[in-house]
Structure formats: C-alpha cells, structure tokens
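The values are calculated or read from the model by the stated rules, or taken from the named source; none is laboratory data. Quick caveat, the model's predicted, so the values are computed rather than measured. Backbone-built Cβ (ideal geometry, glycine too); neighbour counts: all protein chains shown.
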Amino acid sequence: MKILVIGSGGQLGQEFFKLETAHELIPLNHAQVEVKDPAAVRACLQKHQPEAVINLASFNRVDAGEDQPEPAFTVNALGALHVARAAKEVGAAVVFISTDYVFGGESGRRRPYCESDPPAPLNVYGASKLAGEYLVRLSNPRHFIIRTCGLYGAVTSHKGWTFPELMLRKAKAGEKLRVVNDQTLTPTYTSDLVRAILAVIEKGKPGTYHLTSAGECSWYEFAKTTLELAGVQADLEPVSSSEFGAKALRPAYSVLQSERLAELGLAALRPWPEALRAYLVEKGEVPKTTRAGQGRGPARTGEVPD
C-alpha cells in the first residue's frame, strides 16, 4: 500500500520510518506540505496518488492553546478537514491522530473510556482535536480516527525530551523530581503504536479506535517505574496538579481502552510496564538480559509532564 505520512519529522512520524514494512511509506514534513493550505494539500495528494494518508500534523502545546485557540483549531480541525477532503478526492483513506484529552469531563470517573463513550474535553487542545474528529468523519467515509495517550519513544520529540528521558536526565544530574500523582493515564510506546496503526489500516474497516498500551498509572508511577527499571536513584516527591498552576485543565482520569480491536481480530497493545522496559532497552538504559521489574537498585522519582 502506498501511504503518505504527513508530519514525518515529528516523534511519531519518524517512528514509522524505522519499521521494516511491505508498505511504500512516503515522508512529508512541514516544509513539503502545509495542512493549513487546502490548495497545497490537494496538489500534494494529486501528485502522489496515495492509497492512504496518515495525518500527524498537530498543534499540541496544551497550555498555549488556552491563549491561542486559533492556531490549535486551524491545524487540528481545519487542517484535518483539508487532508481528509483531499484524500477522498484521490480515493485514499485518511488516518487522523487524536487524543485522550477529548475525554475527562466526568468528575470521579475511574473506568477506562471506550470508543463508544461520549467525549467531554476540558481544554482547548482537546476541543480542537474533537472538532478535527468530527470534520474528518464528515469529509471522508474511509477514515481511521486513532485516539492515543502519553506518547514516548526512542525518537526525541520537538520539545527536546520525552517524559522518561527527562526523568532519567534529571535524576542522573541529582535534581529533585516532583511529579503529579493525581492524573491517571496510559503512557504509550510509539514503536508499538505505529505497528498498531498500520495493522488497523490493513484491516480496512473505517472508524474510531483507541490505541494505547494496556493498563494505567499516574505520571508519578510512570516516572517511578522508569527509574526502577533503569536502576537509577532519585529524590522523588508526588505532588498535586494544582501546585504547578498550568493554564489548561488536565483530566484526572483519561485512560483509554478499545472495544473495537477485537472486532478486527487484533490483540490489545502490551502492558505499559513491558513496553517501557522495551523502550529503555532500545535507549540503552537497561541491558537486554535484565528481566522486567528488575532494576539495579531501588529508586525514587518525579517531575510534571508537558
């Protein structure tokens, strides 16, 4: 299958091109196609004539979105519309990457969100992604909306760090780490995610899918497990989100679970501690011979995510 990957220079985009796959993957970075320009998007897709388009372009600065809603909606909603429409014109399927932040409005919830649960975003970023979902569904019947959560991988993000990288770097520097313990999610390894996205596309059944690692944890538990697996000592303090005064509200609980993967005959992604260990092996932080759950010593941990 000939697949265009828009946003190939980002963390998730680069992960696709580490794969050995029978698909013909064509990378397109921001300089090559601007999703905010419908004419440019249309010309690009007409030129390449893909069978599928994976749209990874995203405005994902969550706090900045509160002060700058226009860029968030221009990229995450209108940009998604332009790509979906252009894909339909050339007979291609479209993949739109969404987020757990379309949920979170239910106070006190502790049951994972499935694809059939009604969205209720708490911040502009989540609302802009939800708007993108609706526009993609309206514009292209061959749509795959992928909701995921807490991405990290061996490729460093545009921020210059992924959450596990930041924890290990600060811990090794002897810094005290303070991590929020009142936001529960599922961190997801990008290497696993890209394989799952391609598997869903190959099945050819359009719709909305939740693709995250299995299980759940707080950011504090994520950090603590990272350091324990790597055998790195750190001074960790669990704290509440209110101590950081972020502009955008974050869901207290935004764990995703799929009720649709089984319909395709696909297994759920592996549990997040297992995926985290695989990531640490890939980064050279843990020897391949080290068994999951065995570090080189006890650890304490911390820090707040972006």
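Things worth noting here:
- Subset of the range 48-103 (residues that are assigned to a loop (DSSP other than H, G, I, E, B) and β-branched (Val, Ile, Thr)): Val90
- Scan of the range 37-58 for residues that are within 16 Å of Ala80 (Cβ to Cβ) and without any contact (Cβ under 8 Å) to a residue 12 or more places away in the chain, ordered by number: Ala40
- Residues in the range 234-249 that are in contact (Cβ under 8 Å) with a residue 60 or more places away in the chain, in a loop (DSSP other than H, G, I, E, B) and surrounded by fewer than 23 Cβ atoms within 10 Å (Cβ to Cβ): Ser240, Phe244, Ala246, Lys247, Ala248, Leu249.
Table: residues versus (1) β-branched (Val, Ile, Thr); (2) surrounded by 21 or more Cβ atoms within 10 Å (Cβ to Cβ); (3) modelled with pLDDT of 95 or more; (4) within 21 Å of Arg61 (Cβ to Cβ).
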{"site": "Asp100", "(1), (2), (3), (4)": "no, yes, yes, yes"}
{"site": "Phe103", "(1), (2), (3), (4)": "no, yes, yes, yes"}
{"site": "Lys129", "(1), (2), (3), (4)": "no, yes, yes, yes"}
{"site": "Glu133", "(1), (2), (3), (4)": "no, yes, yes, yes"}
{"site": "Tyr189", "(1), (2), (3), (4)": "no, yes, yes, no"}
{"site": "Ala199", "(1), (2), (3), (4)": "no, no, yes, no"}
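- Selection from the range 4-24 of residues that are of a type outside the set (Asp, Glu), closer than 20 Å to Glu282 by Cβ and outside any loop (DSSP other than H, G, I, E, B): Gln11, Leu12, Gly13, Gln14, Phe16
Conditions (1) under 16 Å from Ser191 (Cα atoms); (2) basic (Lys, Arg); (3) within 16 Å of the chain's Cα centre (by Cα); (4) crowded, with 18+ Cβ neighbours inside 10 Å, marked per residue:
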position: Glu216; (1), (2), (3), (4): no, no, yes, yes
position: Leu229; (1), (2), (3), (4): no, no, no, yes
position: Val232; (1), (2), (3), (4): no, no, no, yes
position: Leu266; (1), (2), (3), (4): no, no, no, no
position: Tyr279; (1), (2), (3), (4): yes, no, yes, yes
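- Filter result for Ala223 (modelled with pLDDT under 95, small (Gly, Ala, Ser), buried (at least 19 other Cβ atoms within 10 Å of the Cβ) and more than 25 Å from Asn55 (Cα to Cα)): no
- Whenever a residue of the range 132-146 is in contact (Cβ under 8 Å) with a residue 40 or more places away in the chain, its partners that are surrounded by fewer than 17 Cβ atoms within 10 Å (Cβ to Cβ) and part of a helix (DSSP H, G or I), lying with C-beta atoms within less than 7 angstrom and at least six residues away or across chains, give the pairs His143/Arg137.
- The single condition among (1) of a type outside the set (Ser, Thr, Tyr); (2) surrounded by fewer than 20 Cβ atoms within 10 Å (Cβ to Cβ); (3) over 16 Å from Asn60 (Cβ atoms); (4) at pLDDT 95 or above that His143 does not meet is (2).
Yes or no, residue by residue, for (1) closer than 21 Å to Met1 by Cα; (2) among the hydrophobic types (A, V, I, L, M, F, W, C); (3) in contact with a strand residue (DSSP E or B) (Cβ under 6 Å, 6 or more places away or on another chain):
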{"position": "Arg147", "(1), (2), (3)": "no, no, yes"}
{"position": "Phe163", "(1), (2), (3)": "no, yes, yes"}
{"position": "Lys172", "(1), (2), (3)": "no, no, no"}
{"position": "Leu185", "(1), (2), (3)": "no, yes, no"}
{"position": "Pro206", "(1), (2), (3)": "yes, no, yes"}
{"position": "Phe222", "(1), (2), (3)": "no, yes, no"}
{"position": "Ala230", "(1), (2), (3)": "no, yes, no"}
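- Candidates Gln32, Gln49 - the one that is surrounded by fewer than 17 Cβ atoms within 10 Å (Cβ to Cβ), in contact with a Cys (Cβ under 8 Å, 6 or more places away or on another chain) and not small (Gly, Ala, Ser): Gln32
- If you check Thr208, Thr184, Thr148, Thr188 for being of a type outside the set (Asp, Glu) and touching a Cys at 6+ places or on another chain (Cβ under 6 Å), only one passes: Thr188.
- Where a residue in the range 81-104 is over 19 Å from Ala196 (Cβ atoms) and of a type in the set (D, E, K, R) and its partner, wherever it lies, is at pLDDT 95 or above and buried (at least 22 other Cβ atoms within 10 Å of the Cβ), with Cβ under 8 Å and at least six apart: Arg85/Asn140; Lys88/Val94; Lys88/Asn140; Glu89/Leu45
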